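The values are calculated or read from the model by the stated rules, or taken from the named source; none is laboratory data. Here the structure is a predicted model, which is why all the values come from computation and not from measurement. Note: ideal-geometry Cβ built from the backbone for every residue, glycine included; neighbour counts use all protein chains shown. Heads up: the accessible areas ignore ligands, DNA and RNA and are worked out on the full protein's heavy atoms, side chains in. Shrake-Rupley method; radii C 1.70, N 1.55, O 1.52, S 1.80 Å.
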Amino acid sequence: MTEQSENAPLKGIKVVDWTQVQSGPSFTQLLAWLGAEVIKIERTNTGDPTRNELLDIKDSWSLYYLQLNANKKSLTLDIKTPEGQKIMYDLLKKADVFVENIRPGAATRAGFGWEKVHELNPRLIMASLKGFNKGSRFANVKAFEPVAQSAGGAASATGWNEGSANIPTQSAAALGDSNSGMHLTIAILAALLQREHTGKGSYVYQSMQDAVINLCRIKLREQLMLDNLGALPFYAVYPNYKWGKAIPRSENSEGGQVIGWTYKAKGWGTDPNAYVYIVIQNKNKSWETIANTMMGHPEWATDERFKDWEHRQLHKQEIYPLIESYTKNYDKYELTKKLGEAGIPVGPVLDWHELENDPDLNEDGSLVKINQGENRGEFKTVGMPFTMSNYKPTYKRAPDLGENNKEILSSLGYDPEQIEELVAKGVISKVEKPHNPRTKVIKD
């Protein structure tokens, strides 16, 4: 055993993963990267729906599946059969964590609700990941990523307040899916630590709506401020906006008592992402540094319109073109270096081609390569989103459908003849490798 595996934080933890698509698999993959043994329960013959969604290479599982299920084991199982239910029960008796994100109420109806699994294994931690909270009037509503963003307050606060783009807008970040998985990770780690003190497992419930609301907590702050003040000076629409009961869309404002905005950089005419984001902090010194030291316009620092934070907020629409007259002369990387060295908060707008090939991100483990073999070969994915001084995960390929059936069932005491009988009865399915055409892209 290597020193790395010895130091794995979740070494010895067994996880039964009855999840699919993104929210649950993102969570269980992180547990696998932390050293847990993760057994992914998949439907016989078909498996996780993402295996064959958004296909780009012939006879290869999709990147959608591969980037969320690395380092796991796959067991195909028909839960509805008596034999399948027994196998599931046997797994749960030996597991530390059981997580499901199937339709609300379906786990209980199938015989795997909290009361039953707690009776089977009092030390087992069970987790359910759903769209909405228990008891919510939307509790039985099926939730996808944009549903969670909409119900969690992200969409109503994102976008623009004028023109045809004035509609609630979802973020490209997976606030409902992977974010929910990250929140559930925190909860499960807390439950495992709690078990050390109590000796008993607990039931953890995570809603996608709650996860989005938690990331949008500053919007509740702003809603309360609006209730009290009737207007929000730090919003992009201030001062010439007809304020209503709810906060408006944030456009490109920073969300604090500063002036943050996106500015054109050199090349913006041909590159849609040739921009930088610059924050003007509320202290006059920050404004003076931008005006005098960086941009060579000392008259800005003495202009009555910009003399203090309050006045700069009143006239920010006049500030934007002044700063942009400077930023358009330099590329975004040069701007980031120059302004950053002067202590001005600044960052380049990086597109995903740049991120995919960023030397720092590829070097430090933010992006990692996994060799899936066969037609896919090596592919790139987002690695563990933090580092530890004494542990670094070993990134392994995602399993074929049912690849670990024999291994897992053998560990439960099934002999080869019994396993073949389970295949014949349809309780489990044969191991399947990907066999798909490349998705046709219609460009007309």
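Numbers for the structure displayed
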{"read-out": "Residues being in contact (Cβ under 8 Å) with a residue 24 or more places away in the chain, open to solvent by less than 40 Å² (accessible area, probe 1.4 Å) and within 15 Å of C216 (Cα to Cα) - total across the range 152-166", "value": "5"}
{"read-out": "Odd one out for Y320 among (1) within 33 Å of the chain's Cα centre (by Cα); (2) in a helix (DSSP H, G or I); (3) more than 20 Å from P239 (Cα to Cα)", "value": "(3)"}
{"read-out": "Answer residue from the range 297-314, given it is open to solvent by less than 50 Å² (accessible area, probe 1.4 Å) and assigned to a loop (DSSP other than H, G, I, E, B) and is nearest to V346 (Cα to Cα) among those", "value": "D308"}
{"read-out": "Residue that is farthest from the chain's Cα centre (by Cα), among those in the range 94-128 that are crowded, with 16+ Cβ neighbours inside 10 Å, aliphatic (A, V, I, L, M) and at pLDDT below 95", "value": "A110"}
{"read-out": "Residue identified as open to solvent by 10 Å² or more (accessible area, probe 1.4 Å) and in contact with a Gly (Cβ under 8 Å, 6 or more places away or on another chain) among P9, P25", "value": "P9"}
{"read-out": "Residue check, K134 part of a strand (DSSP E or B), of a type in the set (K, R) and touching a strand residue (DSSP E or B) at 6+ places or on another chain (Cβ under 9 Å)", "value": "no"}
{"read-out": "Which listed residue is within 24 Å of Y64 (Cα to Cα), of a type in the set (S, T, Y) and out of contact with any Leu (no Cβ under 8 Å at 6 or more places or on another chain), from S150, S202, S164, S136", "value": "S150"}
{"read-out": "Any hit, the range 141-152, residues being at pLDDT 90 or above, part of a loop (DSSP other than H, G, I, E, B) and more than 22 Å from Q20 (Cα to Cα)", "value": "no"}
{"read-out": "Helices (runs of 4 or more DSSP H) within the range 1-105 that include 3 or more residues closer than 20 Å to V368 by Cβ", "value": "3-6, 23-33, 63-66"}
{"read-out": "In the range 274-296, the residues that are in a helix (DSSP H, G or I) and either on the phi > 0 side of the Ramachandran plot or open to solvent by less than 50 Å² (accessible area, probe 1.4 Å) (or both)", "value": "S286, W287, T289, I290, A291, M294"}
{"read-out": "Matching residues, the range 72-89, being more than 20 Å from S128 (Cβ to Cβ) and open to solvent by 30 Å² or more (accessible area, probe 1.4 Å)", "value": "K73, D78, P82, E83, K86"}
{"read-out": "Top-ranked residue in the range 167-184 [being under 18 Å from L31 (Cβ atoms) and among the polar types (S, T, N, Q); ranked as surrounded by the fewest Cβ atoms within 10 Å (Cβ to Cβ)]", "value": "S178"}
{"read-out": "Residue in the range 259-273 that is among the aromatic types (F, W, Y) and either open to solvent by 40 Å² or more (accessible area, probe 1.4 Å) or in a loop (DSSP other than H, G, I, E, B) (or both) present", "value": "yes"}
{"read-out": "Matching residues, the range 186-216, being over 13 Å from M126 (Cα atoms), of a type in the set (G, A, S) and within 24 Å of the chain's Cα centre (by Cα)", "value": "S207, A211"}
{"read-out": "Subset tally (residues that are of a type outside the set (A, V, I, L, M, F, W, C) and touching a helix residue (DSSP H, G or I) at 6+ places or on another chain (Cβ under 7 Å)) for the range 349-375", "value": "1"}
{"read-out": "Subset tally (residues that are touching a residue at least 12 places away in the same chain (Cβ under 8 Å) and either farther than 22 Å from Q29 by Cβ or outside any loop (DSSP other than H, G, I, E, B) (or both)) for the range 106-124", "value": "10"}
{"read-out": "Residue in the range 40-47 that is within 23 Å of S411 (Cβ to Cβ) and free of Cβ contacts under 8 Å to residues at least 60 places away in the same chain present", "value": "yes"}
{"read-out": "Unique match (being outside any loop (DSSP other than H, G, I, E, B) and in contact with a helix residue (DSSP H, G or I) (Cβ under 8 Å, 6 or more places away or on another chain)) among S171, S180", "value": "S180"}
{"read-out": "Qualifying residues in the range 416-444 (those that are of a type in the set (S, T, N, Q) and over 31 Å from the mean Cα position of the chain (by Cα)) - the one most open to solvent (accessible area, probe 1.4 Å)", "value": "Q418"}
